[in-house]
There are 2 protein chains.
Amino acid sequence: MVTIRDVAARAGVSQATASRALTGSDSVSAGAVAQVQAAVDELGYRTNRAARSLRTHRTDTIGLLISDVRNPFFSELSYAIEQAAAEQGIAVITTNADERVERQTDSLRALTMQQVDGLIIVPQGGGAFEEISEDIPVVLLDRRVTGADAPVVHSDNRAGSQLMIDHLVGLGHTDIALISGPQATSTGQERFAAAIERLHGHGCGPREDCLVEGDFQLASGYRAATRLLDLPRRPSAIFAGDNLMAFGALQAIREQGLRIGHDVALVSFDDTDWFPLLDPPMTVISQDVHALGMRAFDTLQARMDGQDAQDACLPVRITVRGSCGAGSTALRARRRS
Amino acid sequence: MVTIRDVAARAGVSQATASRALTGSDSVSAGAVAQVQAAVDELGYRTNRAARSLRTHRTDTIGLLISDVRNPFFSELSYAIEQAAAEQGIAVITTNADERVERQTDSLRALTMQQVDGLIIVPQGGGAFEEISEDIPVVLLDRRVTGADAPVVHSDNRAGSQLMIDHLVGLGHTDIALISGPQATSTGQERFAAAIERLHGHGCGPREDCLVEGDFQLASGYRAATRLLDLPRRPSAIFAGDNLMAFGALQAIREQGLRIGHDVALVSFDDTDWFPLLDPPMTVISQDVHALGMRAFDTLQARMDGQDAQDACLPVRITVRGSCGAGSTALRARRRS
DNA sequence: CTCTTCGGTGGAAACGTTTCCATCGGCGGC
DNA sequence: GCCGCCGATGGAAACGTTTCCACCGAAGAG
């Protein structure tokens, strides 16, 4: 293994100067820099990160804790963050917590052991995580959590729910069911509360039996939709709190031989590549997931530089396609009844 | 920061004994271990990985190079590998190369800089990567590449193509188009070659204009399908070389107002969560992606332990749904003509 | 009873950086 | 012409581990 000592010897300078030439921070003569660079090339020197970390207490590595990278929302997030980080020469260690708070604890422990410089966390469940984020910069992503003083980067969930409710009501729906995310999470809670408020604002408060709490996972969406469809008076529209539950609901609807947008409207928070390809395509609230990821990284980097970063709330928009029942005569009739 | 020296002092043993007690490898008395453990708990000691790495030349970190984590195939792979690694206390740094060989080079450089203990690589393009994998254990995943002596973990691509062709021909299709992956990649090449051979075996060799080479990306599938559908004599079935190109092809088919499984059959290599929800659902060759990931990790670990690991070829199976045109009278008529 | 062996331990030397501190010319200001 | 400052450099001390080597006592073999 070729060390910086070898480089220094080859370049005819001291170890200290070689180091300075390589890190580029301190004052070194142009001549020395050239000598050192030449020596590096000749010898094929590569700096040993472990040794550097030991001295500098930095690893140029950050941790990313998400629920499940197989969920398109998190894939995109993870992709965006990796891109942003790579540009700055920072590596990303990703862990999946599967919406389980104990796995979050394990992961965070492992990540801090790995000596990451910072942490981007999508908090699992409602659990607060004391002990963990002792003195390492943290940014919360997508969800907020009580008792953490870290900045939060998230989408405007309330606005999203409002846009969707307005749209559904505008189409004539008055009997709207909600499959909400877990009320222990801020996203689940905000989306749900805002939707309820808006429904009341429109004078069509929801029926009690049309409000089902899921857990953001596919199976819960399936169960919820099954229950909703079995109701004596079937709701005319179902608004799912995330793409996975919408997916589950879609399966349930299909299974009962019903068609979305015709027999029952189905709309969702979060877009997905293939939602446009459904028949009819799915009306959704789209988050700018890529921006969310990049913003989270920028915020983390600001914090790592010692600046105190602000929360960020990114706008969402509604993408109207067909599953909301616009243009369906059958649903129109049902809506009138 | 509390060091192992502090722990040793508190436990009333030497630094050396404390270290031995913690790593658990060497011979230490049970009493000493207990003392040290107690001291660790009291002081809240956490071992400094950088210092350990500096001595041991290990980082307990591996690198994973994939094309794009937003592709469900790679999400699943990435998930499986992270799970397997976490169980062994190993962290995974993931990078996306976007099927671009220059980004692969950059990523590998970054990963080796990070001093990873091993590398799982899905090779991009056809590019060989000399210089990189000097003395660090590497496992190739999904695709093989010329001139690398690393073990390869992959699915049985040839069998997959054969299964699908047999099935299509069995349904009466004689006019089958192929949207292949890039012939520079082993997967693209094997799947294509096996399909061609099998077609000839059935006595229905493909038309020249029904063979289109894509690049595993969505857009290329779209373009290819568009071209195929515009042919004077439209093929009765299209076999896409991966899920992304199938997705693109699906968009093209939809755009022309055609229905899969009725006007034209569409089948694909790789399954996806939502393929079953298409109308009709998509017939595919399913790989056991989770097993692929776990196997890759196991193989890498074997190599890191100095054992020389074998290539692994995992079986695939065909999942017959509706998009192949089974049960469609319209397509049956076309097939007869 | 002596010699060897062996489990358990401590001292101290690495591992490869960064950086503090000191040194040394040279140059501008007085 | 001298003093002080400043840019450039070198020596050497950390950073927190693991592990080599040496040592000690007890136990087993002869």
_Looking at B:PRO276, B:PRO280, can you tell me which residue is open to solvent by 50 Å² or more (accessible area, probe 1.4 Å), in contact with a Lys or Arg (Cβ under 8 Å, 6 or more places away or on another chain) and either closer than 30 Å to A:THR272 by Cβ or aliphatic (A, V, I, L, M) (or both)?_
B:PRO276
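In this structure, does A:SER75 turn out to be touching a strand residue (DSSP E or B) at 6+ places or on another chain (Cβ under 8 Å) and under 27 Å from A:ASP271 (Cβ atoms)? Outline the logic, then answer.
Details: touching a strand residue (DSSP E or B) at 6+ places or on another chain (Cβ under 8 Å): no; under 27 Å from A:ASP271 (Cβ atoms): yes.
It is false that A:SER75 is touching a strand residue (DSSP E or B) at 6+ places or on another chain (Cβ under 8 Å) and under 27 Å from A:ASP271 (Cβ atoms).
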_Quick test of your reading of the structure: B:SER180 fulfils all but one of (1) open to solvent by 20 Å² or more (accessible area, probe 1.4 Å); (2) closer than 21 Å to B:ILE318 by Cβ; (3) under 20 Å from the mean Cα position of the chain (by Cα); (4) small (Gly, Ala, Ser). Name the failing condition by number._
(1)
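Going by what's in this entry, would A:VAL28 be described as without any contact (Cβ under 8 Å) to a residue 24 or more places away in the chain, surrounded by 18 or more Cβ atoms within 10 Å (Cβ to Cβ) and over 20 Å from B:ILE66 (Cβ atoms)? Let's see the steps before the verdict.
Working: without any contact (Cβ under 8 Å) to a residue 24 or more places away in the chain: yes; surrounded by 18 or more Cβ atoms within 10 Å (Cβ to Cβ): yes; over 20 Å from B:ILE66 (Cβ atoms): yes.
So A:VAL28 fits the description; yes.
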*If you take the residues of the range B:246-269 that are farther than 25 Å from B:PHE73 by Cα and within 11 Å of another protein chain (Cβ to nearest Cβ), which of them is most open to solvent (accessible area, probe 1.4 Å)?*
B:GLU255
*Report, by residue number, each residue of the range B:24-48 that is more than 7 Å from DNA strand C (Cβ to nearest atom), more than 14 Å from chain A (Cβ to nearest Cβ) and of a type outside the set (A, V, I, L, M).*
B:GLY24, B:SER25, B:GLN35, B:GLN37, B:GLU42
*So which residues in the range B:9-18 are under 28 Å from B:ALA91 (Cβ atoms), within 7 Å of DNA strand C (Cβ to nearest atom) and small (Gly, Ala, Ser)?*
B:ALA16
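Residue by residue, here is whether (1) in a helix (DSSP H, G or I); (2) open to solvent by less than 20 Å² (accessible area, probe 1.4 Å); (3) near DNA strand D (Cβ under 8 Å from one of its atoms); (4) in contact (Cβ under 8 Å) with a residue 24 or more places away in the chain holds:
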position	(1), (2), (3), (4)
A:ARG5	yes, no, no, no
A:ALA8	yes, yes, yes, yes
A:VAL33	yes, no, yes, no
A:ALA51	yes, no, yes, no
A:PHE74	yes, yes, no, yes
A:SER78	yes, yes, no, yes
A:ILE81	yes, yes, no, yes
A:ALA84	yes, yes, no, yes
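State yes or no: is B:ALA38 more than 30 Å from B:VAL153 (Cα to Cα), away from DNA strand D (no atom under 16 Å from the Cβ), in a helix (DSSP H, G or I) and open to solvent by less than 50 Å² (accessible area, probe 1.4 Å)?
Details: more than 30 Å from B:VAL153 (Cα to Cα): yes; away from DNA strand D (no atom under 16 Å from the Cβ): yes; in a helix (DSSP H, G or I): yes; open to solvent by less than 50 Å² (accessible area, probe 1.4 Å): yes.
Here the answer is yes, as B:ALA38 does meet what is asked.
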*If A:VAL92 passes every condition in (1) part of a loop (DSSP other than H, G, I, E, B); (2) open to solvent by less than 30 Å² (accessible area, probe 1.4 Å) but one, which one does it miss?*
(1)
*In the range A:231-256, what residues are farther than 13 Å from A:VAL212 by Cα and of a type in the set (Val, Ile, Thr)?*
A:ILE253
*asked:* So in the range B:53-72, with the set limited to residues that are open to solvent by less than 50 Å² (accessible area, probe 1.4 Å) and of a type outside the set (A, V, I, L, M, F, W, C), which one is nearest to DNA strand C (Cβ to nearest atom)?
replied: B:SER53
*asked:* For the range B:98-113, give me each residue that is surrounded by fewer than 23 Cβ atoms within 10 Å (Cβ to Cβ) and at the interface with another protein chain (Cβ under 10 Å from one of its Cβ atoms).
replied: B:ASP98, B:ARG103, B:ASP106, B:ARG109, B:ALA110, B:THR112, B:MET113
*Residue check: is B:THR47 of a type in the set (Val, Ile, Thr), open to solvent by 40 Å² or more (accessible area, probe 1.4 Å) and within 12 Å of DNA strand D (Cβ to nearest atom)?*
no
*Report, by residue number, each residue of the range A:49-83 that is over 16 Å from A:ILE121 (Cα atoms) and either of a type in the set (Ser, Thr, Tyr) or more than 9 Å from chain B (Cβ to nearest Cβ) (or both).*
A:SER53, A:THR56, A:ARG58, A:THR59
*Leading residue by the ranking (least open to solvent (accessible area, probe 1.4 Å)) among those in the range B:10-25 that are away from DNA strand D (no atom under 11 Å from the Cβ) and part of a helix (DSSP H, G or I)*: B:ALA11
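The values are calculated or read from the model by the stated rules, or taken from the named source; none is laboratory data. Since the structure is predicted, the reported quantities are computational estimates derived from the model, not experimental observations. Neighbour counts run over all protein chains shown; Cβ positions are idealised from the backbone, glycine included. Surface areas here come from the heavy atoms of the whole protein model, side chains and all, with no ligands, DNA or RNA. Shrake-Rupley method; radii C 1.70, N 1.55, O 1.52, S 1.80 Å.
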